[in-house]
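In what follows, a structure is listed as C-alpha coordinates, so that the remarks can point back to it.
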Amino acid sequence: MSRFLVEGGHPLSGEVPVQGAKNSVLPILAATLLNGGVTELRGCPRLRDVDASVEILRYLGCDAVWQEDVLTVDTSGLCRWDIADTLMREMRSSAIFLGAILARCGQAELTYPGGCELGPRPIDLHISGLRQLGAEIEEEGGALHCRAPALRGRDIVLSLPSVGATENLMLAACGAEGVTRIVNAAREPEIVDLQNYLRACGAEVSGAGTDQVSVTGKRPLHDCTYTVMPDRIAAATYLCAAASAGGEVRLLGARERHLSTVTAALREAGCTVTGDSGGITCRAPERLRSVSPVRTAPYPGFPTDAQSVLMAALLRSRGTTVFEENIFTSRYRHVDELIRMGGSIQVSGRVAVVTGVERLHGACVRSTDLRGGAALCVAALAAEGVSHVENISHIDRGYEDLARDLESLGAKILREET
Ligand code: UD1
(Lines give C-alpha, C1' and ligand atoms only; values in the text may rest on other atoms or scores of the structure.)
Protein backbone atom coordinates (compact mmCIF):
# COMPACT_ATOMS: atom_id res chain seq x y z
CA MET A 1 0.00 0.00 0.00
CA SER A 2 1.25 3.48 -0.81
CA ARG A 3 0.14 6.93 0.18
CA PHE A 4 0.97 10.56 -0.51
CA LEU A 5 1.90 12.98 2.22
CA VAL A 6 1.01 16.48 1.06
CA GLU A 7 1.91 19.64 2.93
CA GLY A 8 -0.47 22.35 1.79
CA GLY A 9 0.02 26.06 1.48
CA HIS A 10 2.79 26.23 -1.12
CA PRO A 11 1.89 28.03 -4.35
CA LEU A 12 2.94 26.24 -7.53
CA SER A 13 5.31 27.64 -10.10
CA GLY A 14 7.19 26.36 -13.13
CA GLU A 15 6.42 24.13 -16.08
CA VAL A 16 5.75 20.46 -16.57
CA PRO A 17 5.26 18.34 -19.70
CA VAL A 18 1.88 16.66 -20.00
CA GLN A 19 1.94 12.85 -20.30
CA GLY A 20 0.41 10.99 -23.24
CA ALA A 21 -3.33 10.48 -22.94
CA LYS A 22 -4.45 7.39 -21.04
CA ASN A 23 -7.85 7.33 -22.71
CA SER A 24 -6.20 7.45 -26.10
CA VAL A 25 -3.45 4.95 -25.61
CA LEU A 26 -5.72 2.22 -24.19
CA PRO A 27 -7.90 1.84 -27.32
CA ILE A 28 -4.79 2.30 -29.48
CA LEU A 29 -3.11 -0.61 -27.69
CA ALA A 30 -6.15 -2.76 -28.48
CA ALA A 31 -6.02 -1.48 -32.07
CA THR A 32 -2.41 -2.66 -32.45
CA LEU A 33 -3.87 -6.15 -32.90
CA LEU A 34 -5.33 -5.09 -36.24
CA ASN A 35 -2.15 -4.55 -38.27
CA GLY A 36 -0.71 -7.93 -37.28
CA GLY A 37 2.71 -6.30 -37.19
CA VAL A 38 4.72 -3.65 -35.42
CA THR A 39 3.52 -0.41 -33.85
CA GLU A 40 5.98 2.02 -32.34
CA LEU A 41 3.98 4.13 -29.91
CA ARG A 42 5.71 7.29 -28.86
CA GLY A 43 4.82 9.42 -25.87
CA CYS A 44 3.23 6.37 -24.30
CA PRO A 45 2.47 7.07 -20.64
CA ARG A 46 3.72 4.49 -18.12
CA LEU A 47 0.58 3.84 -16.13
CA ARG A 48 -1.02 0.93 -14.33
CA ASP A 49 -3.79 0.75 -16.98
CA VAL A 50 -1.18 0.69 -19.76
CA ASP A 51 0.62 -2.13 -17.92
CA ALA A 52 -2.70 -3.97 -17.76
CA SER A 53 -3.15 -3.58 -21.55
CA VAL A 54 0.40 -4.77 -22.14
CA GLU A 55 -0.34 -7.82 -19.97
CA ILE A 56 -3.35 -8.58 -22.15
CA LEU A 57 -1.30 -8.22 -25.35
CA ARG A 58 1.38 -10.55 -23.97
CA TYR A 59 -1.26 -13.05 -22.84
CA LEU A 60 -2.53 -13.05 -26.43
CA GLY A 61 0.97 -13.92 -27.65
CA CYS A 62 2.14 -10.45 -28.70
CA ASP A 63 5.43 -8.76 -27.82
CA ALA A 64 5.69 -5.40 -26.11
CA VAL A 65 8.95 -3.69 -25.25
CA TRP A 66 9.52 -0.36 -23.52
CA GLN A 67 12.33 2.01 -24.29
CA GLU A 68 11.81 5.16 -22.26
CA ASP A 69 8.47 6.55 -23.41
CA VAL A 70 8.34 4.44 -26.57
CA LEU A 71 6.36 1.23 -26.42
CA THR A 72 6.95 -1.08 -29.36
CA VAL A 73 4.24 -3.68 -29.83
CA ASP A 74 4.50 -6.58 -32.24
CA THR A 75 1.19 -8.37 -32.68
CA SER A 76 2.35 -10.85 -35.35
CA GLY A 77 2.58 -13.61 -32.72
CA LEU A 78 -1.10 -13.45 -31.71
CA CYS A 79 -2.04 -17.01 -30.85
CA ARG A 80 -5.28 -16.87 -28.88
CA TRP A 81 -8.56 -15.01 -28.84
CA ASP A 82 -9.54 -15.28 -25.19
CA ILE A 83 -8.67 -12.97 -22.28
CA ALA A 84 -8.37 -14.35 -18.75
CA ASP A 85 -10.90 -13.00 -16.28
CA THR A 86 -8.15 -11.70 -13.94
CA LEU A 87 -6.84 -9.50 -16.78
CA MET A 88 -10.31 -8.31 -17.78
CA ARG A 89 -11.06 -7.19 -14.22
CA GLU A 90 -8.03 -4.90 -14.09
CA MET A 91 -9.73 -2.09 -16.01
CA ARG A 92 -12.80 -1.00 -17.90
CA SER A 93 -10.96 -0.48 -21.19
CA SER A 94 -10.27 -4.18 -21.56
CA ALA A 95 -13.70 -4.27 -23.26
CA ILE A 96 -12.18 -2.53 -26.30
CA PHE A 97 -10.15 -5.65 -27.01
CA LEU A 98 -13.40 -7.34 -27.98
CA GLY A 99 -13.80 -5.40 -31.24
CA ALA A 100 -10.13 -5.77 -32.11
CA ILE A 101 -9.95 -9.53 -31.43
CA LEU A 102 -13.16 -10.14 -33.36
CA ALA A 103 -11.84 -8.18 -36.34
CA ARG A 104 -8.57 -10.08 -36.32
CA CYS A 105 -9.64 -13.61 -35.31
CA GLY A 106 -13.36 -13.83 -36.09
CA GLN A 107 -14.01 -15.02 -32.53
CA ALA A 108 -13.37 -13.93 -28.96
CA GLU A 109 -13.93 -15.23 -25.45
CA LEU A 110 -13.81 -12.78 -22.59
CA THR A 111 -15.56 -11.69 -19.41
CA TYR A 112 -17.10 -8.42 -18.27
CA PRO A 113 -14.52 -5.69 -17.63
CA GLY A 114 -13.58 -4.08 -14.28
CA GLY A 115 -12.50 -0.48 -13.67
CA CYS A 116 -13.39 2.45 -11.41
CA GLU A 117 -16.54 2.14 -9.31
CA LEU A 118 -18.51 5.03 -10.74
CA GLY A 119 -21.87 3.30 -10.74
CA PRO A 120 -23.14 0.81 -13.30
CA ARG A 121 -20.97 0.76 -16.41
CA PRO A 122 -22.77 -1.51 -18.82
CA ILE A 123 -21.40 -2.51 -22.23
CA ASP A 124 -24.78 -3.17 -23.81
CA LEU A 125 -24.17 -0.64 -26.59
CA HIS A 126 -20.85 -2.30 -27.45
CA ILE A 127 -22.52 -5.70 -27.65
CA SER A 128 -25.55 -4.55 -29.57
CA GLY A 129 -23.36 -2.71 -32.12
CA LEU A 130 -21.13 -5.74 -32.60
CA ARG A 131 -24.21 -7.91 -33.08
CA GLN A 132 -25.44 -5.51 -35.76
CA LEU A 133 -22.11 -6.01 -37.54
CA GLY A 134 -22.87 -9.73 -37.58
CA ALA A 135 -21.20 -11.02 -34.43
CA GLU A 136 -23.00 -13.77 -32.54
CA ILE A 137 -22.52 -13.05 -28.85
CA GLU A 138 -23.72 -15.27 -26.03
CA GLU A 139 -23.56 -14.05 -22.47
CA GLU A 140 -23.25 -16.71 -19.80
CA GLY A 141 -22.43 -16.07 -16.14
CA GLY A 142 -20.30 -12.99 -16.82
CA ALA A 143 -18.57 -14.61 -19.81
CA LEU A 144 -18.97 -13.46 -23.40
CA HIS A 145 -18.68 -16.05 -26.16
CA CYS A 146 -18.36 -14.23 -29.47
CA ARG A 147 -18.25 -15.60 -32.97
CA ALA A 148 -18.02 -13.53 -36.12
CA PRO A 149 -17.08 -15.59 -39.14
CA ALA A 150 -17.99 -12.64 -41.40
CA LEU A 151 -18.53 -9.12 -40.07
CA ARG A 152 -20.49 -6.86 -42.42
CA GLY A 153 -20.41 -3.08 -42.37
CA ARG A 154 -23.69 -1.18 -41.90
CA ASP A 155 -25.15 1.87 -40.17
CA ILE A 156 -25.21 1.62 -36.41
CA VAL A 157 -27.09 4.22 -34.40
CA LEU A 158 -25.89 4.57 -30.80
CA SER A 159 -28.65 5.55 -28.35
CA LEU A 160 -26.06 7.63 -26.48
CA PRO A 161 -22.61 8.74 -27.57
CA SER A 162 -20.57 6.19 -25.61
CA VAL A 163 -16.81 6.67 -25.95
CA GLY A 164 -16.00 3.00 -25.43
CA ALA A 165 -18.75 1.73 -27.75
CA THR A 166 -17.65 4.11 -30.52
CA GLU A 167 -14.06 2.87 -30.20
CA ASN A 168 -14.99 -0.80 -30.01
CA LEU A 169 -17.13 -0.50 -33.14
CA MET A 170 -14.43 1.41 -35.02
CA LEU A 171 -12.02 -1.47 -34.38
CA ALA A 172 -14.50 -4.20 -35.28
CA ALA A 173 -15.49 -2.25 -38.41
CA CYS A 174 -11.89 -2.41 -39.65
CA GLY A 175 -12.43 -6.15 -40.01
CA ALA A 176 -15.91 -5.89 -41.55
CA GLU A 177 -16.71 -6.14 -45.24
CA GLY A 178 -17.87 -2.77 -46.65
CA VAL A 179 -18.69 0.50 -44.94
CA THR A 180 -19.75 0.93 -41.31
CA ARG A 181 -21.24 4.24 -40.25
CA ILE A 182 -21.47 4.90 -36.51
CA VAL A 183 -24.22 7.47 -35.97
CA ASN A 184 -24.42 9.49 -32.73
CA ALA A 185 -20.78 8.60 -32.19
CA ALA A 186 -18.86 10.10 -29.26
CA ARG A 187 -16.81 13.13 -30.34
CA GLU A 188 -14.01 13.03 -27.75
CA PRO A 189 -10.50 14.01 -28.94
CA GLU A 190 -9.33 10.51 -28.02
CA ILE A 191 -11.58 9.14 -30.78
CA VAL A 192 -9.83 11.41 -33.25
CA ASP A 193 -6.52 10.09 -31.93
CA LEU A 194 -7.70 6.51 -32.49
CA GLN A 195 -8.75 7.44 -36.04
CA ASN A 196 -5.35 9.01 -36.65
CA TYR A 197 -3.60 5.87 -35.42
CA LEU A 198 -5.75 3.63 -37.61
CA ARG A 199 -5.08 5.85 -40.62
CA ALA A 200 -1.36 5.71 -39.90
CA CYS A 201 -1.71 1.92 -40.27
CA GLY A 202 -3.53 2.33 -43.59
CA ALA A 203 -7.15 2.04 -42.44
CA GLU A 204 -9.91 4.05 -44.12
CA VAL A 205 -11.62 5.92 -41.31
CA SER A 206 -13.20 9.36 -41.33
CA GLY A 207 -15.53 11.58 -39.36
CA ALA A 208 -13.98 11.17 -35.89
CA GLY A 209 -14.62 14.32 -33.88
CA THR A 210 -18.09 14.60 -35.42
CA ASP A 211 -21.13 12.53 -34.52
CA GLN A 212 -20.68 10.20 -37.52
CA VAL A 213 -17.66 7.99 -37.95
CA SER A 214 -17.24 5.96 -41.15
CA VAL A 215 -14.97 2.98 -41.56
CA THR A 216 -14.34 1.04 -44.76
CA GLY A 217 -13.20 -2.34 -43.56
CA LYS A 218 -10.82 -5.02 -44.77
CA ARG A 219 -8.11 -2.62 -45.90
CA PRO A 220 -4.61 -4.09 -45.72
CA LEU A 221 -2.91 -2.55 -42.68
CA HIS A 222 0.80 -2.10 -42.11
CA ASP A 223 3.37 -1.28 -39.42
CA CYS A 224 3.37 2.24 -38.10
CA THR A 225 4.94 4.76 -35.76
CA TYR A 226 2.51 6.95 -33.86
CA THR A 227 2.71 9.64 -31.17
CA VAL A 228 -0.08 9.62 -28.57
CA MET A 229 -1.87 12.94 -27.98
CA PRO A 230 -1.34 14.79 -24.67
CA ASP A 231 -3.65 13.87 -21.81
CA ARG A 232 -6.34 16.54 -21.44
CA ILE A 233 -7.50 15.19 -18.08
CA ALA A 234 -3.98 15.18 -16.60
CA ALA A 235 -3.68 18.75 -17.93
CA ALA A 236 -7.01 19.68 -16.32
CA THR A 237 -5.76 18.18 -13.06
CA TYR A 238 -2.61 20.33 -13.04
CA LEU A 239 -4.56 23.46 -14.01
CA CYS A 240 -6.89 22.80 -11.07
CA ALA A 241 -3.89 22.09 -8.84
CA ALA A 242 -2.52 25.55 -9.67
CA ALA A 243 -5.95 27.11 -9.18
CA SER A 244 -6.17 25.43 -5.78
CA ALA A 245 -2.64 26.14 -4.50
CA GLY A 246 -2.19 29.50 -6.21
CA GLY A 247 0.81 30.49 -8.33
CA GLU A 248 1.54 30.14 -12.04
CA VAL A 249 2.18 26.98 -14.01
CA ARG A 250 2.78 26.12 -17.64
CA LEU A 251 1.71 22.77 -19.02
CA LEU A 252 3.90 21.88 -21.94
CA GLY A 253 2.10 20.21 -24.82
CA ALA A 254 -1.41 20.71 -23.40
CA ARG A 255 -3.98 21.75 -26.01
CA GLU A 256 -6.47 24.35 -24.93
CA ARG A 257 -8.97 23.45 -27.63
CA HIS A 258 -9.45 20.09 -25.87
CA LEU A 259 -10.09 21.80 -22.55
CA SER A 260 -12.14 24.85 -23.37
CA THR A 261 -14.91 24.15 -20.85
CA VAL A 262 -12.36 23.61 -18.06
CA THR A 263 -10.35 26.71 -18.90
CA ALA A 264 -13.56 28.75 -19.19
CA ALA A 265 -14.54 27.69 -15.66
CA LEU A 266 -11.08 28.53 -14.34
CA ARG A 267 -11.19 31.96 -16.00
CA GLU A 268 -14.58 32.61 -14.48
CA ALA A 269 -13.08 31.63 -11.13
CA GLY A 270 -10.47 34.37 -11.56
CA CYS A 271 -7.50 32.56 -13.12
CA THR A 272 -5.64 33.97 -16.09
CA VAL A 273 -5.36 31.12 -18.58
CA THR A 274 -3.62 31.41 -21.94
CA GLY A 275 -3.20 28.69 -24.50
CA ASP A 276 -0.74 28.69 -27.39
CA SER A 277 0.84 26.13 -29.67
CA GLY A 278 3.32 25.09 -26.98
CA GLY A 279 0.91 24.55 -24.11
CA ILE A 280 -1.31 26.26 -21.55
CA THR A 281 -0.30 28.72 -18.84
CA CYS A 282 -2.47 29.34 -15.79
CA ARG A 283 -1.98 32.07 -13.18
CA ALA A 284 -4.20 31.77 -10.16
CA PRO A 285 -5.30 34.50 -7.77
CA GLU A 286 -4.89 34.12 -4.00
CA ARG A 287 -8.55 33.13 -3.71
CA LEU A 288 -10.92 31.91 -6.42
CA ARG A 289 -14.56 32.92 -6.88
CA SER A 290 -17.43 30.53 -7.44
CA VAL A 291 -18.54 29.80 -11.01
CA SER A 292 -21.77 29.19 -12.94
CA PRO A 293 -23.19 25.65 -12.69
CA VAL A 294 -20.82 22.99 -13.95
CA ARG A 295 -22.76 20.33 -15.84
CA THR A 296 -20.86 17.31 -17.07
CA ALA A 297 -21.75 16.22 -20.59
CA PRO A 298 -20.26 14.27 -23.50
CA TYR A 299 -17.53 16.18 -25.37
CA PRO A 300 -17.45 19.09 -26.11
CA GLY A 301 -19.28 19.54 -22.80
CA PHE A 302 -17.58 19.67 -19.43
CA PRO A 303 -15.71 16.35 -18.93
CA THR A 304 -16.95 14.13 -16.12
CA ASP A 305 -13.30 13.21 -15.52
CA ALA A 306 -12.50 16.83 -14.56
CA GLN A 307 -15.50 17.32 -12.26
CA SER A 308 -13.76 16.16 -9.08
CA VAL A 309 -10.56 18.17 -9.57
CA LEU A 310 -12.46 21.39 -10.33
CA MET A 311 -14.64 20.78 -7.28
CA ALA A 312 -11.50 20.38 -5.16
CA ALA A 313 -10.07 23.65 -6.51
CA LEU A 314 -13.28 25.53 -5.68
CA LEU A 315 -13.50 24.39 -2.06
CA ARG A 316 -11.81 27.60 -0.90
CA SER A 317 -13.58 29.89 -3.38
CA ARG A 318 -15.79 32.84 -2.48
CA GLY A 319 -19.43 31.89 -3.07
CA THR A 320 -21.33 28.79 -4.08
CA THR A 321 -20.94 26.54 -7.12
CA VAL A 322 -23.41 23.92 -8.28
CA PHE A 323 -22.15 20.75 -9.96
CA GLU A 324 -24.39 18.43 -11.94
CA GLU A 325 -22.97 15.02 -12.83
CA ASN A 326 -24.78 13.67 -15.86
CA ILE A 327 -22.54 10.84 -17.07
CA PHE A 328 -22.00 8.48 -14.14
CA THR A 329 -24.32 7.88 -11.19
CA SER A 330 -21.69 7.38 -8.45
CA ARG A 331 -19.20 10.04 -9.23
CA TYR A 332 -19.29 11.93 -5.94
CA ARG A 333 -17.43 9.36 -3.86
CA HIS A 334 -14.63 11.89 -3.23
CA VAL A 335 -17.07 14.29 -1.56
CA ASP A 336 -17.00 12.70 1.92
CA GLU A 337 -13.21 12.79 1.82
CA LEU A 338 -13.12 16.45 0.76
CA ILE A 339 -15.48 17.23 3.65
CA ARG A 340 -12.91 15.69 6.01
CA MET A 341 -10.53 18.42 4.88
CA GLY A 342 -13.05 21.11 5.79
CA GLY A 343 -14.89 21.36 2.47
CA SER A 344 -18.56 22.30 2.56
CA ILE A 345 -20.42 20.18 -0.01
CA GLN A 346 -23.98 18.98 -0.10
CA VAL A 347 -24.98 16.22 -2.46
CA SER A 348 -28.46 15.42 -3.60
CA GLY A 349 -28.67 12.88 -6.39
CA ARG A 350 -26.72 14.13 -9.36
CA VAL A 351 -26.24 17.62 -7.87
CA ALA A 352 -23.46 18.71 -5.52
CA VAL A 353 -23.40 22.22 -4.06
CA VAL A 354 -20.01 23.54 -2.99
CA THR A 355 -20.00 26.50 -0.63
CA GLY A 356 -16.55 27.99 -0.48
CA VAL A 357 -14.81 28.07 2.90
CA GLU A 358 -11.92 30.27 3.95
CA ARG A 359 -9.70 27.44 5.15
CA LEU A 360 -9.12 23.75 4.53
CA HIS A 361 -7.11 21.62 6.91
CA GLY A 362 -4.92 18.59 6.39
CA ALA A 363 -6.62 15.24 7.00
CA CYS A 364 -6.21 11.53 6.44
CA VAL A 365 -8.25 10.76 3.33
CA ARG A 366 -8.73 7.80 1.02
CA SER A 367 -8.84 7.71 -2.77
CA THR A 368 -12.07 6.15 -3.91
CA ASP A 369 -11.35 6.15 -7.63
CA LEU A 370 -8.83 7.55 -10.09
CA ARG A 371 -10.02 11.15 -10.57
CA GLY A 372 -11.48 11.31 -7.07
CA GLY A 373 -8.01 10.47 -5.74
CA ALA A 374 -6.43 13.22 -7.83
CA ALA A 375 -9.02 15.64 -6.43
CA LEU A 376 -7.90 14.84 -2.88
CA CYS A 377 -4.34 15.81 -3.83
CA VAL A 378 -5.60 19.04 -5.45
CA ALA A 379 -7.47 19.96 -2.26
CA ALA A 380 -4.53 18.96 -0.04
CA LEU A 381 -2.31 21.49 -1.84
CA ALA A 382 -4.55 24.25 -0.46
CA ALA A 383 -5.08 22.80 3.01
CA GLU A 384 -3.25 23.99 6.11
CA GLY A 385 -0.97 21.27 7.45
CA VAL A 386 -0.26 17.79 6.16
CA SER A 387 -2.74 15.48 4.46
CA HIS A 388 -2.32 11.74 4.04
CA VAL A 389 -3.87 10.52 0.82
CA GLU A 390 -4.29 6.75 1.11
CA ASN A 391 -5.12 4.09 -1.44
CA ILE A 392 -3.25 5.85 -4.24
CA SER A 393 -3.10 2.77 -6.45
CA HIS A 394 -6.24 4.26 -8.04
CA ILE A 395 -4.24 7.37 -8.94
CA ASP A 396 -1.47 5.25 -10.46
CA ARG A 397 -3.99 3.92 -12.97
CA GLY A 398 -4.07 7.23 -14.78
CA TYR A 399 -1.14 9.45 -13.76
CA GLU A 400 2.40 8.54 -14.67
CA ASP A 401 3.80 10.18 -11.54
CA LEU A 402 1.53 12.72 -9.90
CA ALA A 403 3.96 13.36 -7.03
CA ARG A 404 6.90 13.93 -9.39
CA ASP A 405 4.92 16.39 -11.52
CA LEU A 406 3.49 18.36 -8.60
CA GLU A 407 6.84 18.37 -6.84
CA SER A 408 8.51 19.76 -9.94
CA LEU A 409 5.99 22.62 -9.70
CA GLY A 410 7.03 23.33 -6.12
CA ALA A 411 4.43 21.31 -4.19
CA LYS A 412 5.50 19.52 -1.03
CA ILE A 413 4.36 15.99 -1.78
CA LEU A 414 5.98 12.72 -0.89
CA ARG A 415 5.13 9.17 -1.85
CA GLU A 416 5.40 6.74 1.02
CA GLU A 417 5.21 2.96 0.70
CA THR A 418 3.45 1.65 3.81
C1 UD1 B 1 -14.65 6.81 -21.20
C2 UD1 B 1 -13.39 7.20 -20.46
C3 UD1 B 1 -13.72 7.71 -19.07
C4 UD1 B 1 -14.72 8.82 -19.17
C5 UD1 B 1 -15.94 8.40 -19.99
C6 UD1 B 1 -16.92 9.55 -20.24
C7 UD1 B 1 -11.72 5.72 -21.36
C8 UD1 B 1 -10.76 4.60 -21.11
N9 UD1 B 1 -12.53 6.04 -20.35
O10 UD1 B 1 -15.25 5.75 -20.46
O11 UD1 B 1 -12.51 8.17 -18.48
O12 UD1 B 1 -15.15 9.13 -17.85
O13 UD1 B 1 -15.51 7.94 -21.28
O14 UD1 B 1 -16.27 10.61 -20.87
O15 UD1 B 1 -11.71 6.32 -22.42
N16 UD1 B 1 -23.10 3.42 -21.29
C17 UD1 B 1 -24.16 2.55 -21.41
N18 UD1 B 1 -23.97 1.43 -22.19
C19 UD1 B 1 -22.80 1.18 -22.83
C20 UD1 B 1 -21.73 2.08 -22.69
C21 UD1 B 1 -21.92 3.20 -21.91
O22 UD1 B 1 -25.22 2.73 -20.85
O23 UD1 B 1 -22.70 0.15 -23.51
C24 UD1 B 1 -23.27 4.63 -20.44
C25 UD1 B 1 -22.33 4.60 -19.23
O26 UD1 B 1 -22.91 3.88 -18.16
C27 UD1 B 1 -22.20 6.06 -18.92
C28 UD1 B 1 -22.23 6.72 -20.30
O29 UD1 B 1 -22.83 5.75 -21.16
O30 UD1 B 1 -23.29 6.51 -18.16
C31 UD1 B 1 -20.89 7.13 -20.84
O32 UD1 B 1 -20.05 6.01 -20.90
P33 UD1 B 1 -18.88 5.88 -21.99
O34 UD1 B 1 -18.84 7.10 -22.83
O35 UD1 B 1 -19.03 4.56 -22.67
O36 UD1 B 1 -17.61 5.86 -21.07
P37 UD1 B 1 -16.39 4.87 -21.13
O38 UD1 B 1 -16.03 4.57 -22.53
O39 UD1 B 1 -16.64 3.75 -20.18
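The values are calculated or read from the model by the stated rules, or taken from the named source; none is laboratory data. Because the structure is a prediction, the values reported are computed rather than measured. Don't worry about glycine lacking a Cβ; one is built from the backbone with ideal geometry, like all the others, and counts go over all protein chains shown. In case anyone asks, the SASA skips ligands and DNA or RNA and just uses the protein heavy atoms, side chains included. Shrake-Rupley method; radii C 1.70, N 1.55, O 1.52, S 1.80 Å.
Within the chain, the longest run free of exposed loop sites, counting GluC sites (Glu not before Pro) that sit outside DSSP helix and strand states (H, G, I, E, B) and have at most 10 other Cβ atoms within 10 Å, spans 69-285.
Between TYR238, ALA200, ILE280, whose Cα lies farthest towards the positive end of the dipole of segment 198-286 when Lys and Arg beta carbons carry +1 and Asp and Glu beta carbons carry -1, centred on the Cα centre? Among TYR238, ALA200, ILE280, the one farthest towards the positive end of the dipole of segment 198-286 is ALA200.
Suppose we keep just the DSSP beta bridges with both residues in segment 22-227; what percent of those would be antiparallel, to 5? Please list the in-between numbers first.
On the way: 27 of 37 bridges.
Antiparallel: roughly 75 percent of the beta bridges in segment 22-227.
Each stretch of four or more DSSP H residues adds -39500 (n - 2.57); spread over every residue of the chain, this sum gives -9000 deg cm²/dmol at 222 nm. Fully extending the segment from GLN107 to SER393, taken as 0.36 nm per residue of separation minus the present Cα-Cα distance, adds 99.6 nm.
Can you tell me the orientation of helix 96-105 relative to the chain, as the angle in degrees between its alpha-carbon axis and the longest Cα principal axis, to the nearest 10? Helix 96-105 sits at roughly 20 degrees to that axis. Computed from the Cβ-Cβ distance with R0 of 35 Å, the FRET efficiency linking GLU324 to ARG154 stands at 0.45. Were the residues from ARG42 through GLU358 laid out at 0.36 nm apart, the gain over their Cα-Cα distance would be 109.4 nm.
Can you give me the accessible area per residue for segment 22-227, using a 1.4 Å probe, in Å²? Don't skip to the end; give the middle numbers.
On the way: 7930 Å² over 206 residues.
Value for segment 22-227: 39 Å² per residue.
How much FRET efficiency would the formula 1/(1 + (r/R0)^6) give for ASP51 and ARG415, where r is the Cβ-Cβ distance and R0 is 22 Å, rounded to 0.05? Write out the running numbers ahead of the final one.
On the way: r = 17 Å, r/R0 = 0.79.
Using R0 = 22 Å, I get an efficiency of 0.80.
Each of GLN346 and ARG219 was given a label point 7 Å from its Cα along the Cα-to-Cβ line. The distance between the two points is 5.5 nm.
Nearest 5 is fine: what % of DSSP beta bridges in segment 135-182 come out antiparallel, could you say? Could you put the intermediate results ahead of the total?
Working: 5 of 8 bridges.
Beta bridges within segment 135-182, antiparallel portion: roughly 60 percent.
Out of all DSSP beta bridges with both ends in the chain, state the antiparallel percent to the nearest 5. List each step's numbers first, then the result.
Values: 60 of 84 bridges.
DSSP beta bridges in the chain are roughly 70 percent antiparallel.
Counting only alpha carbon atoms, the long axis of helix 370-380 and the longest principal axis of the chain meet at about 20°.
Calculated on the Cα set of segment 141-227, radius of gyration then Dmax: 12.9, 40 Å. Between 0 and 90 degrees, the angle of helix 163-174 with respect to the longest Cα principal axis of the chain falls at about 20 degrees.
By accessible area, using a 1.4 Å probe on protein heavy atoms only, segment 22-227 has 46% of its surface on carbon and sulfur. Stretching the chain fully between GLU136 and ARG404 yields a gain of 91.8 nm (0.36 nm per residue, less the alpha carbon separation). The residues of segment 256-412 expose, per residue, 38 Å² of accessible area to a 1.4 Å probe.
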